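So the structure is just underneath, and the comments pick up after that.
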Amino acid sequence: MMSKNKDTVDWNDHVGWLDRRLALADPNLFIFELDEKPVATFRIDGEDVSYTVAPEQRNRGIAKLMLNEVRSRFGRLRAQVYADNVPSIKVAQTAGFEVVIIDV
Ligand SMILES: CC(C)(COP(=O)(O)OP(=O)(O)OC[C@H]1O[C@@H](n2cnc3c(N)ncnc32)[C@H](O)[C@@H]1OP(=O)(O)O)[C@@H](O)C(=O)NCCC(=O)NCCS
């Protein structure tokens, strides 16, 4: 619901996208772990960062932790966020990213 592409993603299309992405020299797809447990992901496309926290792990400060880490490693990236995605706007601003609000 928070992605720019609102269409249902076909599984084979998704796997094809992932295969092509992983074949790049720098796929820039990351899994964030806490206590060796994968809890969130982020990816970087040029200046843009996209992220998601596993639904059962939300509201525990994980995005804040992760985005602070991303900022310190990759610098001030841009987050394009829907106007009603208040948690995302908060964490991206707190981490010091450029936040671009997209109309819902
Ligand atoms: C957005 C997202 C990454 C936040 O992850 P998270 O680990 O739950 O975030 P955190 O717990 O670090 O912080 C969330 C902040 O939003 C606040 N918050 C949560 N729900 C809220 C709501 N409905 N209204 C206002 N604030 C809210 C929390 O209180 C917290 O702020 P605080 O640190 O000032 O207390 C997560 O909800 C997610 O994966 N959403 C789906 C994917 C997505 O939207 N990705 C971003 C696309 S741009």
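The values are calculated or read from the model by the stated rules, or taken from the named source; none is laboratory data. All values reported here derive from a predicted model rather than from experimental measurement. Cβ placement follows ideal geometry from the backbone for every residue including glycine, while neighbour counts extend to all protein chains displayed. Protein only, heavy atoms only, side chains kept; ligands, DNA and RNA dropped before computing areas. Shrake-Rupley method; radii C 1.70, N 1.55, O 1.52, S 1.80 Å.
Express the carbon and sulfur contribution to the solvent-accessible surface of the chain as a percent, rounded to the nearest whole number, probe 1.4 angstrom. Percent of accessible area from carbon and sulfur atoms in the chain: 50.
Each of ASP48 and TRP11 was given a label point 7 Å from its Cα along the Cα-to-Cβ line. The distance between the two points is 2.7 nm. For the chain, the antiparallel share of DSSP beta bridges with both residues in that region comes to about 65%. Summed over the residues of region 29-102 and divided among them, the accessible surface reaches 62 Å² per residue at a probe radius of 1.4 Å.
Residue separation of ILE89 and ARG60 scaled by 0.36 nm, minus their Cα-Cα distance, works out to 8.9 nm of gained length. Considering only alpha-carbon pairs that sit under 8 angstrom and 6 or more positions apart, the relative contact order computed for region 29-102 is 23 percent. Using a 1.4 Å probe on the protein heavy atoms only, what accessible surface does LYS90 show? Give it in Å² to the nearest 10. That residue has around 130 Å² of solvent-accessible surface. Restricting region 31-85 to GluC sites (Glu not before Pro) that sit in a DSSP loop and have at most 15 other Cβ atoms within 10 Å of their own Cβ leaves GLU36, GLU47. Give the shape of the chain as rounded, prolate or oblate, defined through the alpha-carbon gyration tensor: a ≥ b ≥ c are the square roots of its eigenvalues, a/c under 1.5 means rounded, and otherwise the shape is prolate if a/b is larger than b/c and oblate if not. Verdict is rounded for the chain. Around the amide H of ASP48, modelled in the peptide plane, lie the amide H atoms of ARG78, all under 5 Å away and 5 or more residues distant in sequence or on another chain. Extension gain, LEU29-ILE102: 0.36 nm per intervening residue step, less the Cα-Cα distance, totals 24.0 nm.
If you take all other residues with their beta carbon under 15 Å from the beta carbon of PHE97, and give Lys and Arg +1 and Asp and Glu -1, the sum is +2. Taking other residues whose beta carbon is less than 15 angstrom from the beta carbon of ILE44, and scoring Lys, Arg as +1 and Asp, Glu as -1, yields 0.
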